[in-house]
Amino acid sequence: MQASSSVNPENQIAFPFMSESEVREPRAGVIADFGYGAGFQETGLIPILAGGAAAGAVVLALVASSAAEPLLVTLLGILAMVGTFTIFGMAAGHIRIGERVRQDDIIKALADGLEDGVLVSRRDGTPVYGNSALRKLAGVTPSGELRTLEAVFGSEPRAAAAYFRLFRALERNEPWREELEARGPDGESTRLWRVAHRPCPVPGHARELGPLVLWTITDVTVDRTRHTHEVRGLEAALERLDAAPSGLMEVDANGVVRRLNWMFLRWLGIEPTGLAQRGLRLADLMSQQDVEMLANAAAQFHTQGGAGLDVSMKSDQGEPLPLKLFVRREARGGLIISAFPREQAFAEADAGSADIRFARFFQSAPFGIATISADAKLVSSNAAFARMVPEGRTAAGMTAAMALARSSEPETLRTVEDALKQALAGTISITPIEITAGDQKEFSRRLYISPLAQGDGSREAAILYLIDATEQKALEAKFAQSSKMEAVGKLAGGIAHDFNNVLTAIIGFSDLLLQTHRPTDPAYKDISNIRSSATRAAGLVAKLLAFSRRQTLQTEALQLGEELTEWAPVLKRSIGERIELKLSSGRDLWYVKTDRTQLEHVLLNLANNARDAMAEGGRLTIKTRNVSERDSQKLAHHGMPVGEYVLIEVQDTGSGMAPDVLSKIFEPFFTTKGVGKGTGLGLATVYGIVKQSGGFIYPESQLGQGTTFRVYLPRYLPENEDEIVTQKAAKKERPQDLTGTGRVLLVEDEDVVRSFAMRALKRQGYEVIEASSGVEALEVLAANDWQVDIVVSDVVMPEMDGPTLLKELRKHNPALKVIFVSGYPHEAFETSLDRGEQFAFLPKPFSLPQLAAKVKQELGR
């Protein structure tokens, strides 16, 4: 068959033995056409059939004529010879009937059946051929071409460096292998790939193709994960050895000490670092006679599972150490030695070895230990094991799998059963099995299974170690959630600060325009809508700041019983007439210190969520009561310090939430409501307000049984009664007349904000001088002989920020009044000021009345 040497339009090099279409999109099961077994082309079949028909017509014409008898006899003789030759050729195997299987089809079918990706490319990385696995990983371009590995791995930040080393080795024509992280074929999950290449010579086609390279891409994610789990399992096993109340030692078949737990190291006075390099042998710790006696005893009592001997070991300082040793021989010929100080050793010298191992030593272990028989039934267990499985399931004869995983998922039960079978068959595995327990799947257990030596006559075929991982799982989940919330919070806080400057200008200039227009003017309504929208946007920004815990809280001492009575009408209007509102306040409630407006926002948000969960009506109950320090000790909430709190409990009779939804409710932008019906910031904001107030919030819900939120706010002890009286008086004495007199220095780097504030203050009768930075403010003050009554300054400014400006002002006028304005809370910059520094604070965005009221309040005029 004549070889084709065509090149596709996209500069893809083609095999001489492949058609152009096969290079661009290789056929399933075809890797190359080496010319084995050619068949008829579809276009040549018609001429052949026509020729055969014509020849047949000629033969019939000759047969029909009387003069054709000699010719006919000759033709029959030729056909007989051809038939005889064909029969002998078929018998010898030289002639076969039917289509011959192409060798290249077989090779390519095998390549497409591989799980690993296979790629043949040119030296510059241009793909020539890729099997099915490679095409699935790399994908194709819009024009149908196979994507290059550089396009697959070069854009991955974690894989770019490794691919660069592969490509440099490719340029040197040197085989190379790397492991790199990149996205899998699904485009989402991160996988670990082992990528290797080597030269790929094609005999007879080097001139047409040039040097080729064979790539293999293997997914090794599962192997690496298994290795990581094995290492972690080994580390966990070592930690358990260190926690044991006895000395534990592992010695290999050559007498080399492989491992010592912490107790043994302390007794012997050996530093753990460098133990492996030291090459410590058992003969270094005791006399040779004791070593031989220990080995003989282990062999003699092998069928009984162990032996106890009194020996005198040597510490690292050469001092004698009298110990009682219990030894057990491992299947590989090594020894496992347990040691106890001789005066604390077991008194029952004639007790059975199983009783010695479990009744005394294992009963004091801080983790669960149990042994099972050859038919996977429990033989014995310690107290810790009994505490971690349901009551009544540790009785001898109980199937171990049912005792451990009866309340778990069927898949977990099958996993435990398979692991038990492997252990009973003698397979050693240090990979733990994760088990969930409890009616609500609230407990986590970690199970390790190890086989025991067979043929020793004992009933015990394997040993189980059960560790309570509930707290660890909870802490891991809490840490992951906290990290995610903190990251999103920092981003939200930074964006909110910039938005506050913009909203301050919009709200401020809207106030100025409203003062120059009458309500009957056509533009008045438009301006009002602009201001209303800006105020709504400011509310969203406040939610972002609350979530990121960077909002400004105007804290004050609150008595929640009184506040709840005032909020009742607002709450009732919020939940509607179909829902019953029930309020219950405890007696003599303690004070809490928080922002009254923000706490009201918390209750309104929880009430609105309860309303949405009770579409057909129901009851919303809000209770408050004191939580003493003693009561807080009984709470099972993780992470809440012991102390005195005031509890706000919000309970509804709605539809409730599933556990997977309940675990995500405080995440930002998570919502179960339809599109356009919720921002997903409501409960995230609630969480931020409560945490910024120093409190804690815990939800509890069950499908069909409603939801309860419990908010714990720390108790606040007022310094004296005058503090409460002054606070109540300040509420009543809010200034109504906002006009005033005096000279104001306005320092703001945002031009639009400074322009609005200056016009607003001038309208109220103040004389205003302005500056765009702290440095310019000092120059302006110097030019005015430092004669100003009050300074209104931004906090974050170029060259010199607000706190630095305040320190410079104090050098010239220690009594000068200062108001800071910022989109961040004042706690964010208080640490950069001198302790006890006096200043006022106005959060952004602020309106014209708020600015004028704050200045008048500080000047006292």
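The values are calculated or read from the model by the stated rules, or taken from the named source; none is laboratory data. All values derive from a computational prediction rather than experimental measurement. Using ideal geometry, Cβ is built from the backbone for each residue, glycine included, and neighbour counts are taken over all protein chains shown. Heads up: the accessible areas ignore ligands, DNA and RNA and are worked out on the full protein's heavy atoms, side chains in. Shrake-Rupley method; radii C 1.70, N 1.55, O 1.52, S 1.80 Å.
Data for the structure
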item: Residue list for segment 740-753, filter: open to solvent by 20 Å² or more (accessible area, probe 1.4 Å) and among the hydrophobic types (A, V, I, L, M, F, W, C); result: Val752
item: Residues of segment 658-667 that turn out to be part of a loop (DSSP other than H, G, I, E, B) and open to solvent by 70 Å² or more (accessible area, probe 1.4 Å), as a count; result: 2
item: Hits in segment 609-657 - residues which are loosely packed, with under 14 Cβ neighbours inside 10 Å, closer than 20 Å to Lys478 by Cβ and of a type in the set (A, V, I, L, M); result: Ala636, Val642
item: Conditions (1) crowded, with 17+ Cβ neighbours inside 10 Å; (2) at pLDDT below 90; (3) basic (Lys, Arg): number failed by Arg710; result: (2)
item: So Lys856, is it in contact (Cβ under 8 Å) with a residue 24 or more places away in the chain, of a type in the set (Lys, Arg) and under 26 Å from Arg536 (Cβ atoms); result: no
item: Only listed residue being acidic (Asp, Glu), open to solvent by 50 Å² or more (accessible area, probe 1.4 Å) and either in contact with a strand residue (DSSP E or B) (Cβ under 9 Å, 6 or more places away or on another chain) or modelled with pLDDT of 80 or more (or both), chosen from Glu179, Glu188; result: Glu179
item: Ile724 vs. criteria within 30 Å of Gln857 (Cα to Cα), touching a strand residue (DSSP E or B) at 6+ places or on another chain (Cβ under 8 Å) and at pLDDT 80 or above; result: no
item: Hey, Glu188 in a loop (DSSP other than H, G, I, E, B), of a type outside the set (S, T, N, Q) and more than 15 Å from Thr126 (Cβ to Cβ) or not; result: yes
item: Any hit, segment 786-797, residues being open to solvent by 40 Å² or more (accessible area, probe 1.4 Å) and among the β-branched types (Val, Ile, Thr); result: yes
item: Selection status of Pro569, outside any helix (DSSP H, G or I), modelled with pLDDT under 90, of a type outside the set (Val, Ile, Thr) and open to solvent by 30 Å² or more (accessible area, probe 1.4 Å); result: no
item: Segment 817-842, subset open to solvent by less than 40 Å² (accessible area, probe 1.4 Å) and modelled with pLDDT of 80 or more, residue farthest from Asn500 (Cα to Cα); result: Val818
item: Residue satisfying all of: in segment 754-773; modelled with pLDDT of 90 or more and over 18 Å from Gly508 (Cα atoms); least open to solvent (accessible area, probe 1.4 Å) among these; result: Ala771
item: Scope segment 238-261; condition surrounded by fewer than 16 Cβ atoms within 10 Å (Cβ to Cβ) and modelled with pLDDT under 80; matching residues; result: Leu238, Glu239, Asp242, Ala243, Pro245
item: Close pairs (9 angstrom Cβ cut-off, 6 or more residues apart or separate chains): closer than 13 Å to Val195 by Cβ and touching a residue at least 12 places away in the same chain (Cβ under 8 Å) in segment 160-173, assigned to a helix (DSSP H, G or I) and of a type in the set (Asp, Glu) anywhere; result: Tyr163/Glu150; Phe167/Glu150
item: Residue among Ile648, Ile575 that alone is over 22 Å from Ala557 (Cβ atoms) and touching a residue at least 24 places away in the same chain (Cβ under 8 Å); result: Ile575
item: Looking only at segment 738-783, and only at residues there that are under 14 Å from Lys856 (Cβ atoms) and among the hydroxyl-bearing types (Ser, Thr, Tyr), the one that is farthest from the chain's Cα centre (by Cα); result: Thr741
item: Test: residue in segment 593-602 that is at pLDDT 85 or above and under 17 Å from Thr621 (Cβ atoms); result: yes
item: Matching residues, segment 93-127, being among the aliphatic types (A, V, I, L, M) and either at pLDDT 85 or above or assigned to a loop (DSSP other than H, G, I, E, B) (or both); result: Ile95, Ile97, Val101, Leu114, Val118, Leu119, Val120
item: Subset of segment 156-173 (residues that are under 19 Å from Val213 (Cβ atoms) and in contact with a helix residue (DSSP H, G or I) (Cβ under 9 Å, 6 or more places away or on another chain)); result: Ala159, Ala162, Tyr163, Leu166, Phe167
item: Residue count for segment 102-155, restricted to those that are open to solvent by 20 Å² or more (accessible area, probe 1.4 Å), closer than 14 Å to Cys200 by Cβ and touching a helix residue (DSSP H, G or I) at 6+ places or on another chain (Cβ under 7 Å); result: 2
item: Those strands (runs of 3 or more DSSP E) lying entirely in segment 275-388 with at least 1 residues at pLDDT 80 or above and open to solvent by 70 Å² or more (accessible area, probe 1.4 Å); result: 307-314
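Yes/no matrix, rows are residues, columns are (1) among the acidic types (Asp, Glu); (2) open to solvent by less than 60 Å² (accessible area, probe 1.4 Å); (3) at pLDDT 85 or above; (4) more than 41 Å from the chain's Cα centre (by Cα):
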{"position": "Asp498", "(1), (2), (3), (4)": "yes, no, no, no"}
{"position": "Val502", "(1), (2), (3), (4)": "no, no, no, no"}
{"position": "Ala523", "(1), (2), (3), (4)": "no, yes, yes, yes"}
{"position": "Ser533", "(1), (2), (3), (4)": "no, no, yes, no"}
{"position": "Gln554", "(1), (2), (3), (4)": "no, no, no, no"}
{"position": "Thr565", "(1), (2), (3), (4)": "no, no, yes, yes"}
